[in-house]
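Read through the structure below, which is laid out as structure tokens, and then see the notes.
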Ligand SMILES: Cc1cc2nc3c(=O)[nH]c(=O)nc-3n(C[C@H](O)[C@H](O)[C@H](O)COP(=O)(O)OP(=O)(O)OC[C@H]3O[C@@H](n4cnc5c(N)ncnc54)[C@H](O)[C@@H]3O)c2cc1C
């Protein structure tokens with residue numbers, strides 16, 4: 001037995017010392033992780049960004065082609081078991097894909113609608129027949145997926161949906177209702193739809209666009225994300241086979257909320273990717289834009305803004321990778337001692353995520369991640385102390401990882417404003433934090449930019 005497990009109770013995670021080996025950071029990414037990041041970057045650079053204008057004119061044939069390419073590159077299969085065409089990798093891998101694909105926000109939305117909102121609920125809650133029928137084609141990008149929960153009157157209050165599901169004498173279902181703001185709605189083939197059986201029992205269904213009575217409304221004119229499809233999905237006496245109930249009748253909230261929790265976690269990764277892109281764009285512009293005879297990058301206020309953007313992105317990155325590490329450790333530990341559902345990885349995953357659920361919050365930015373992180377940490381998670389690569393990694397990076405760990409904890413506990421105040425405590429500088437590593441990382445954000453950046457001190461963030 002190579003693990004020693006402890007149960008964390010209450011808020012003890014805030015007070016107890018946790019070794020750096022137990023905090024996952026991007027510095028611990030494996031070669032496989034890095035390859036995944038590189039593959040995603042190359043795909044975005046060569047196939048998505050040059051075609052952004054076409055996507056923004058709603059060229060959904062192109063979107064389909066790009067989804068197919070994602071399938072070929074294995075980007076949909078990170079958390080899908082191999083027998084359904086996936087790669088069955090850890091949560092960190094899927095976070096990496098999310099982070100790097102977000103360099104194109106529009107296409108990241110398309111990708112997320114498929115990977116996080118359609119493939120994932122089938123992995124977690126599908127029957128064997130449903131998995132065999134839908135997953136291989138969704139993972140290969142041959143089918144496009146979507147998730148239809150929201151309605152005109154039910155957004156945050158998702159379980160207030162009015163869509164009705166009526167069981168027919170032959171066991172099949174008839175669905176009536178209208179779903180709103182559905183990502184990939186304009187060209188999706190397979191849609192996870194939520195409705196109420198007998199007006200009461202909230203239930204998930206796998207609905208194919210080709211089923212009679214299913215259609216998409218017109219494209220929404222959004223304020224942004226113009227290259228992603230957002231439509232209503234109209235269910236007018238839509239015919240759904242008996243075997244297409246996803247999960248249990250009356251337990252649709254489990255499907256809906258677990259899916260959203262994972263979507264939120266991945267959206268956190270996408271937010272980091274978006275921030276990184278924004279920092280690069282801002283730094284490049286600040287370096288080339290001149291006022292009063294100087295690049296504006298030389299002015300204190302602009303330096304301050306770039307520095308603060310970098311510091312906040314660093315804190316968010318620390319938070320999401322730590323969260324990914326906690327989920328992976330919890331899954332590994334739970335599977336190891338068989339404490340939850342023996343042998344079935346997907347069920348174990350559902351159990352872990354169920355305990356993380358509190359309220360749906362779709363936005364997935366730092367605030368919701370902070371809450372996810374808090375929920376995860378409150379959950380009496382088995383804390384695995386591994387002898388293996390974690391400890392070896394830690395040997396070279398104790399200062400750096402302790403810094404990240406404390407940043408993550410403080411950020412999670414008190415919010416970004418107080419975080420920066422607390423972070424300036426002298427003991428922090430003298431102790432766990434190694435300001436040099438922070439500055440090096442900040443400077444790396446500007447790599448390739450012709451800009452003389454003075455490494456900023458944390459103290460400068462007042
Ligand atoms: C680009 C885009 C893509 C989308 N894709 C999908 C999709 O694929 N599938 C899908 O099902 N839906 C999708 N949606 C819908 C999205 O999930 C909803 O917008 C979301 O659930 C929030 O609902 P709402 O917009 O109706 O806001 P509301 O629920 O009306 O909330 C409005 C505001 O009130 C706040 N609020 C609500 N309740 C409370 C409370 N109890 N306490 C404090 N504040 C509260 C909210 O935080 C928010 O700031 C998409 C939306 C957009 C913009």
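The values are calculated or read from the model by the stated rules, or taken from the named source; none is laboratory data. Since we're looking at a predicted model, the values are computed, not measured. Cβ sites come from the backbone with ideal geometry, for glycine too, and all protein chains shown count toward neighbours.
Can you name the residue in the range 133-162 that is assigned to a helix (DSSP H, G or I) and touching a helix residue (DSSP H, G or I) at 6+ places or on another chain (Cβ under 7 Å) and, of all such residues, is nearest to the ligand (Cβ to nearest atom)? By that ranking, first place goes to 158. Of all residues in the range 163-180, exactly one satisfies the criterion of being within 15 Å of the ligand (Cβ to nearest atom) and assigned to a loop (DSSP other than H, G, I, E, B), namely 163. All conditions but one from (1) at pLDDT 95 or above; (2) crowded, with 17+ Cβ neighbours inside 10 Å apply to residue 222; the one that does not is (2). Does residue 169 satisfy the condition of being modelled with pLDDT of 95 or more, assigned by TED's automatic domain parsing to the domain that holds residue 230 and at negative phi? It is true that residue 169 is modelled with pLDDT of 95 or more, assigned by TED's automatic domain parsing to the domain that holds residue 230 and at negative phi.
Test residue 75 against the criterion of being more than 16 Å from the ligand (Cβ to nearest atom), part of a helix (DSSP H, G or I) and farther than 15 Å from residue 262 by Cβ, and give yes or no. No, not satisfied. Does the range 274-297 contain any residue that is closer than 20 Å to residue 124 by Cα and either touching a strand residue (DSSP E or B) at 6+ places or on another chain (Cβ under 8 Å) or modelled with pLDDT under 90 (or both)? No, the range 274-297 contains no residue that is closer than 20 Å to residue 124 by Cα and either touching a strand residue (DSSP E or B) at 6+ places or on another chain (Cβ under 8 Å) or modelled with pLDDT under 90 (or both). Here the range 86-111 is the region considered, the condition is being surrounded by fewer than 24 Cβ atoms within 10 Å (Cβ to Cβ) and within 16 Å of the ligand (Cβ to nearest atom), and the residue that is farthest from the chain's Cα centre (by Cα) is 106. When each of 43, 24 is tested for being buried (at least 22 other Cβ atoms within 10 Å of the Cβ) and closer than 21 Å to residue 145 by Cβ, the lone residue that passes is 43. Would you confirm, using the coordinates I've provided, whether residue 280 is part of a helix (DSSP H, G or I) and surrounded by 18 or more Cβ atoms within 10 Å (Cβ to Cβ)? In short, no.
Residue-level check: of (1) modelled with pLDDT of 95 or more; (2) closer than 29 Å to residue 209 by Cβ, residue 265 misses just (1).
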